[in-house]
Amino acid sequence: MSLRDALKVPANQITDEAVYRERRRLLAAFATVPALGLSGCVGAEPPPPPKVTLTPEQARSGFRTDETLTRFEDVTTYNNFYEFGTGKADPSRAPRTLRTRPWTVAVGGHCAKPGKVGVDDLLKGLTPEERVYRLRCVEGWSMVIPWLGVPLASVLKRFEPTSQAKYVAFTTLADPKQMPGVAWSSLDWPYREGLRIDEAMHPLTLLATGLYGKPLLQQNGAPLRLVVPWKYGFKSIKSIVAIDFVEKMPETAWHEAQPSEYGFFSNVNPAVDHPRWSQKTERRIAGTASKLFAERIPTRPFNGYAEQVAGLYRGLDLKKWF
Ligand code: MTE
């Protein structure tokens with residue numbers, strides 16, 4: 001039986017916790033199976049990105065939404081953070097073992113000034129309005145969250161990336177004493193993610209340090225995590241300790257586990273189905289005490305941020321580079 005067959009589950013069960021656990025168990029069991037000849041495209045190189053300029057008004061408009069915010073209780077209890085368990089409720093129930101101060105992020109690779117930045121230095125000099133962003137976030141479900149954070153670009157620029165910095169690679173802490181899940185083989189630790197440099201420098205890409213005006217809780221990726229609102233949630237790497245400017249497309253934890261299912265770009269795209277389910281609709285977290293999910297709603301290209309980000313992918317075959 002191939003890994004692909006072993007992982008087959010009906011589409012309507014994809015977020016069921018038991019299915020998720022079984023899938024992780026199977027992944028661990030098949031961890032030594034080679035990549036099945038199915039490429040998620042890491043290794044090959046896509047065409048160079050087009051030059052895109054965004055007006056300040058276009059960028060600002062991406063942060064506005066009049067959609068109902070997802071309740072704080074739901075944002076903080078329905079989570080994916082495998083370092084604290086593979087069930088959606090596990091991260092919020094886990095003991096508070098993560099030490100979030102002092103916390104520094106090491107920034108290196110192709111840049112003129114490699115170094116470190118302390119998490120508390122990130123928000124210095126910003127007004128409260130500059131720090132709060134309302135964004136829709138999508139995985140198999142979606143939420144609208146008032147994030148507290150800083151554009152990633154403003155942090156990255158301090159380190160002066162060189163022309164060889166074509167991608168940015170991110171790494172999560174992997175300390176089994178603070179993160180019990182790291183002792184399990186659900187993924188190959190540390191958790192890693194990557195963006196193309198223009199995606200990383202886009203004004204909508206945030207390093208978030210809080211939500212609803214409060215510092216991030218452990219389950220949401222304290223003390224700082226990525227938020228890329230036009231991409232699926234797994235791009236939102238949590239509890240980041242290292243950022244590297246690299247020349248080649250970096251390997252990511254999910255792509256490594258399932259190359260056919262987690263492409264490097266992972267843009268929210270209703271026109272490209274996941275190998276095992278449609279991506280045409282999503283379930284919004286309902287925001288009422290009695291019901292977790294609202295009805296399904298149509299998923300919008302780039303999660304509704306096409307005006308701000310579609311240009312980044314001009315000339316790229318989004319079926320191939322999903
Ligand atoms: N970051 C780390 N380090 N470990 C993880 O397991 N899960 C990702 C992402 N970041 C994950 C991670 C996935 S699959 C999702 S959907 C989002 O975190 C969920 O973020 P939230 O729990 O704050 O909604």
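Beta carbons closer than 8 Å, at least 6 apart along the sequence or on distinct chains, pair a first residue in segment 35-53 that is closer than 20 Å to A257 by Cα with a second that is at pLDDT below 55 and in a loop (DSSP other than H, G, I, E, B) for L36/S2. Can you tell me which residue is surrounded by the fewest Cβ atoms within 10 Å (Cβ to Cβ) among those in segment 264-280 that are under 23 Å from L152 (Cα atoms) and within 14 Å of the ligand (Cβ to nearest atom)? By that ranking, first place goes to S266. Contact map, segment 211-223: residues that are farther than 17 Å from A89 by Cα paired with residues that are assigned to a loop (DSSP other than H, G, I, E, B) and of a type in the set (V, I, T), Cβ distance under 6 Å, separation 6+ or inter-chain. Pairs shown: P223/T100. Those helices (runs of 4 or more DSSP H) of segment 84-165 in which at least 2 residues are modelled with pLDDT under 85 and closer than 19 Å to L226 by Cα, considering only elements entirely within it, cover 128-131. Selection within segment 83-111: residues that are under 21 Å from L152 (Cβ atoms) and in contact with a Phe, Trp or Tyr (Cβ under 7 Å, 6 or more places away or on another chain). The member of this set that is nearest to the ligand (Cβ to nearest atom) is V107. Of E261, E251, all but one fail to be touching a residue at least 40 places away in the same chain (Cβ under 8 Å), within 13 Å of the ligand (Cβ to nearest atom), part of a loop (DSSP other than H, G, I, E, B) and surrounded by fewer than 20 Cβ atoms within 10 Å (Cβ to Cβ); the exception is E261.
Under the condition of being under 23 Å from the mean Cα position of the chain (by Cα), surrounded by fewer than 16 Cβ atoms within 10 Å (Cβ to Cβ) and either assigned to a loop (DSSP other than H, G, I, E, B) or modelled with pLDDT of 85 or more (or both), the residues counted in segment 51-64 number 2.
The values are calculated or read from the model by the stated rules, or taken from the named source; none is laboratory data. Keep in mind the model is a prediction, meaning the values are calculated, not measured. Quick reminder, even Gly has a Cβ in these numbers, built from the backbone with ideal geometry, and neighbours come from all protein chains shown.
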